[in-house]
Amino acid sequence: MSLTTAATDIRARFMSGRVSGFTESVIREMTRLAIRHNCVNLAQGFPDFGAPAEIKEAAKAAIDADINQYSITWGAKPLRDAIAAKYRHTYGLELDPEREITVVCGATEGMIASTLSAVNPGDEVIVFEPYYENYAPDIQLCGAVAKTVSLRAPDWSFDPEELRRAFSAKTKAIIINTPNNPTGKVFTRAELETIGRLCEEFDALAITDEIYEHIVYDGERHIPMITLPGLRNRSILVNSMSKTFAVTGWRVGWVIAPPDLTSSIRKVHDFLTVGAAAPLQQASAVALTAGDEYYARLGSDYSARRDRIIEILERSGFRCFAPKGAYYVMTDISAFGFADDLAFARHLIEHVGVIGVPGSSFYVNPRDGAQQMRFCFCKKFETLDAAGERFAKLARG
Ligand code: GLN
């Protein structure tokens, strides 16, 4: 029996139907390729610069203080208190840390714990497309069906009628990622209200991924769906430390939900992971006491990086859809004349030495993203400039 046959045979016998419907993460595969081919990695969204000194000191102090055993499964009390204080200060939102907050291992676990706790097999879950690649597996692992609604370039607006048609008696939830990965869209209050009214009409949940909350440009403001009148009892808010404090490898996040939903989410979380890293929870509690100026600086700092990457990409022949938030630029690559985004990505890796994320990985139908590529700019200016120099090897078709 050949190795291939054996592998196929094993897959047929042992792979669950739950996992057969999706592939490995394209974003993380791009990082592996970047390392192998020594490329400038503008694919996976993680900073290549240091985290703030205070948060690193706090983590070291927590380990020295022997905060090294499990914390309470739904999160160390100081961190849940700090999260509640943060939402009170920023949005005037009163949360009960005992009943409405669950600390999890990053927003990735937050999303899957939330969907697994609320969504049944056969339910439908709406996502805006292009979408961050995790949401499709989240939905499939629940045995549910994804319904997509288009965000249309260049401003990534949606058609309210298309959204309404996506809702049905089977709709259990809609996933909203604002500020949005990969488009950089920041949903407006009016858009969130439109979504909220449909959630009420169809008795659906709004599950929001808000990890780019503080990365907004040009005076934009992030609005948590949970703060809209009437939505408190049907919103699940997911957020994390990763992007706001440049600690994507810490895996500390949280979920805010009404008490009855929180108890379901906590059960799933407990049996999936028990809890997030205890000393890093302690350090996160310290970080969340940062003043408003920290968040303002974060936005203005990323705004300068955005301007630099757009200038570089446009000079190199890309058409950019300038983001209003988050730290990615979606680009139109049609000027280069490649058959599709995968062929273009291969060319970038082999002949240019820069890597991004092929647009098709953000769409159900790969054709819809075949002339798009996402680049992240959460990088040192010198990294962005190095990419710019390498792009000089790109010729327009
Ligand atoms: N959210 C980041 C991105 O879109 C990182 C993805 C990941 O690896 N979890 O690139």
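Could you work out the mean projected area of the convex hull around the alpha carbons of the chain, in square nanometres to one decimal? Walk me through the numbers before you get to the answer.
Details: hull surface 82.2 nm².
Value for the chain: 20.6 nm².
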### Message
Using each residue's phi in the stretch 108-119, evaluate 6.51 cos²θ - 1.76 cosθ + 1.60 at θ = phi - 60° and report the 3J(HN,Hα) Karplus result to the nearest Hz, with x for Gly and Pro.
### Response
4, 5, x, 5, 6, 5, 5, 5, 4, 7, 10, 9
### Query
For the stretch 342-391, what number results from the quotient of the Cα radius of gyration and 2.2 N^0.38 Å?
1.23
### Query
What list of ³J(HN,Hα) couplings, whole Hz, do you get for the stretch 145-154 from phi and the Karplus terms 6.51, -1.76, 1.60, once you set θ to phi - 60° and write x for glycine and proline?
10, 7, 10, 9, 10, 6, 9, 9, 5, x
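Would you mind putting 269-277, 199-207 in packing order, based on average other-beta-carbon counts within 10 Å, highest first?
Numbers: 269-277: 17.4, 199-207: 19.7.
With the highest mean Cβ count within 10 Å placed first, the list reads 199-207, 269-277.
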### Query
In cubic angstrom, how much convex hull volume per residue do the alpha carbon atoms of the stretch 31-188 span?
193 Å³
### Message
For Thr208, what residues show an amide H to amide H distance below 5 Å, using hydrogens built from the backbone and excluding near sequence neighbours?
### Response
Ile176, Ile236, Leu237, Val238
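Using only helices, what value at 222 nm comes out for the chain when you add -39,500 (n - 2.57) per DSSP H run of length 4 or more and divide by the total residues, to the nearest 500 deg cm²/dmol?
Values: 14 runs with 162 residues, N = 397.
The per-residue figure over the chain is -12500 deg cm²/dmol.
If packing is taken as the average number of other Cβ atoms within 10 Å across a peptide's residues, how do 318-327, 59-68, 78-87, 141-150 rank, most packed first?
Details: 318-327: 23.0, 59-68: 14.4, 78-87: 20.3, 141-150: 18.4.
Going by the mean number of other Cβ atoms within 10 Å, highest first, we get 318-327, 78-87, 141-150, 59-68.
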#### Entry: Sequence ranges 35-44, 231-240, ranked by mean other-Cβ count within 10 angstrom, highest first
231-240, 35-44
### Message
Explain nothing, just compute: Karplus ³J(HN,Hα) = 6.51 cos²θ - 1.76 cosθ + 1.60, θ = phi - 60°, for every residue of the stretch 290-300 in order, whole Hz, x for Gly and Pro.
### Response
3, x, 4, 5, 4, 5, 5, 5, 4, x, 6
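Would you mind getting me the FRET efficiency between Ser263 and Lys170? Use the beta-carbon distance for r and R0 = 30 Å, nearest 0.05. Could the numbers behind the result be given before it?
Working: r = 25 Å, r/R0 = 0.82.
That gives a FRET efficiency of 0.75.
Bear in mind that the values in this text are calculations on the coordinates, not laboratory data. All of these numbers come straight from a predicted model, not from anything done at the bench. Virtual Cβ from ideal backbone geometry, glycine too; neighbours counted across all protein chains shown.
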